[in-house]
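The values are calculated or read from the model by the stated rules, or taken from the named source; none is laboratory data. All figures in this text were calculated on a predicted structure; none of them were measured in a lab. No Cβ is skipped: glycine too gets one built from the backbone with ideal geometry, and neighbour counts run over all protein chains shown. Surface accessibility is based on the protein's heavy atoms, side chains included, excluding ligands, DNA and RNA. Shrake-Rupley method; radii C 1.70, N 1.55, O 1.52, S 1.80 Å.
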Amino acid sequence: MTLLDPLSGRELTPDTPHSLSDGERRRPVLDGIPYLRTGRDDLVERALAALDDGRVPDAAAVLLADNDDWWDQPPPPPDRLASVYEAAADPTTTLRDAAAALGLGRVGDYFLHRDHDPSGLAVTALVATHPPAGRAVVDLACGAGHLLRRLVLEPGECAGATGVDIVFAKLWLARRFVLPDDADVQLVCADLRSPWPLVGAGDAWVSCHDTLYFLDDPADVLHRAADLAGPGGAVLAAHCHNADHPLGAAGRPRRPAEWAAMLPAALTYTEEELTAAALDARPARPAAGIDLDATEAVALALDRAVVPPQQGLLGPSPGAELHRNPLYRGGVRRWPNERWGAEYGERVADYLPEHVPADLDREQAVRRRVLVELPARW
């Protein structure tokens, strides 16, 4: 996908192996990930200076320290971040190691267990019910790339994939630890609140999950996503917090009707129905407006093409090696941290047994997420 400078709107092209330029302004590129955030001029200058001098770990330390406005923890010192970057070249370094060394804390725990928490299952069901079906994929606020990984591992499901996130460290985790080594996925560090650096080319399947409630103007993001999708594309948005639900207080939640009004003609789904659909390995059922009032979070799906559900996306990727769910430690289910348990624990306990069961067959174990697919370097 063609990239534009978010300030000038001009096309970006390589001017060195580690930078892009619009003819006037340069942008750093590390591990194939361009850094296109606005309002970070000093950071960009420091990263470019280090890259131009061949001090790649120092540039990595600059970029990996950057975070979003909601994060409330200081970054690790630069020498530690440089060491994290260099350690990634060692095949024995894991996603767990890197997330901890980057100081990601609760966000790191979220990424480590993203594919099998209730909200992750809800995304799975929404995507399987409204799949890309061969269209180009654009995953906005893609985090560490879990959804992108699943889609590129499904043969023929997407015609090219792009992931965008505001936090460089998350994209770097995706590149180094989550996405397959041979995956043709473009990753871009950019702010959805600024002009987007993406130029559409034909119909696209655009997703934005578990992030709209962090934004001041989510309707603008959905409007731009619909434009990017094109006349035969789709826009999906899962886990939009319900302001009337006790667990919907985080961020800037809205009422269900407010979310639905942001994407006219979209189908709406409850978080609970989507999670249940993933566990039952079936397409999700859309909700009538009255059914949305009690849900923890709302999901929206606008598909301008007639596309049947993709049942294969509800399970592991073809040929995947399955592992015991890492929520089991010593055979007993344990939450990664207290906050994670408060948000997800009660719903996870509905499908994941407290102890590793001895009597589940393989299909049941997969459906209940006792056995899960993990990245090779989890």
| message | I'd like to know if region 195-203 contains one or more residues that are among the β-branched types (Val, Ile, Thr) and outside any loop (DSSP other than H, G, I, E, B). | response | no
| request: Being more than 19 Å from residue 130 (Cα to Cα) and in contact with a helix residue (DSSP H, G or I) (Cβ under 8 Å, 6 or more places away or on another chain) is the filter; apply it to region 194-211 and report the residue that is surrounded by the fewest Cβ atoms within 10 Å (Cβ to Cβ). | output: 200
| query | Can you name the number of the only condition in (1) open to solvent by less than 10 Å² (accessible area, probe 1.4 Å); (2) aliphatic (A, V, I, L, M); (3) at pLDDT below 95 that residue 288 fails? | reply | (1)
| In region 231-260, which residues are among the hydrophobic types (A, V, I, L, M, F, W, C), assigned to a helix (DSSP H, G or I), closer than 20 Å to residue 217 by Cβ and open to solvent by 10 Å² or more (accessible area, probe 1.4 Å)? | 257, 260
| note | Only unsatisfied item for residue 123, checking (1) under 22 Å from residue 335 (Cβ atoms); (2) in contact with a strand residue (DSSP E or B) (Cβ under 7 Å, 6 or more places away or on another chain); (3) at pLDDT 95 or above; (4) surrounded by fewer than 24 Cβ atoms within 10 Å (Cβ to Cβ), is (4)
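For (1) of a type outside the set (D, E, K, R); (2) surrounded by 17 or more Cβ atoms within 10 Å (Cβ to Cβ), each residue gets a yes or a no:
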{"site": "292", "(1), (2)": "yes, yes"}
{"site": "296", "(1), (2)": "no, yes"}
{"site": "318", "(1), (2)": "yes, no"}
{"site": "359", "(1), (2)": "no, no"}
{"site": "368", "(1), (2)": "no, yes"}
| task | Could you name every one of the strands (runs of 3 or more DSSP E) located completely within region 294-378 that has at least 2 residues being in contact (Cβ under 8 Å) with a residue 60 or more places away in the chain? | result | 297-303, 371-373
| Single match in 279, 263 (criterion: modelled with pLDDT of 90 or more, surrounded by 15 or more Cβ atoms within 10 Å (Cβ to Cβ), of a type in the set (A, V, I, L, M) and farther than 18 Å from residue 222 by Cα) | 279
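So, residue 352, is that one open to solvent by 40 Å² or more (accessible area, probe 1.4 Å), under 24 Å from residue 147 (Cβ atoms) and of a type in the set (A, V, I, L, M, F, W, C) or not?
no
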| query | Residue check: is residue 191 surrounded by fewer than 22 Cβ atoms within 10 Å (Cβ to Cβ) and of a type outside the set (Lys, Arg)? | reply | yes
| For residue 259: the one exception among (1) under 17 Å from residue 190 (Cβ atoms); (2) without any contact (Cβ under 8 Å) to a residue 60 or more places away in the chain | (1)
| said: Suppose the filter is open to solvent by less than 60 Å² (accessible area, probe 1.4 Å) and at pLDDT below 95; does residue 106 pass it? | reply: no
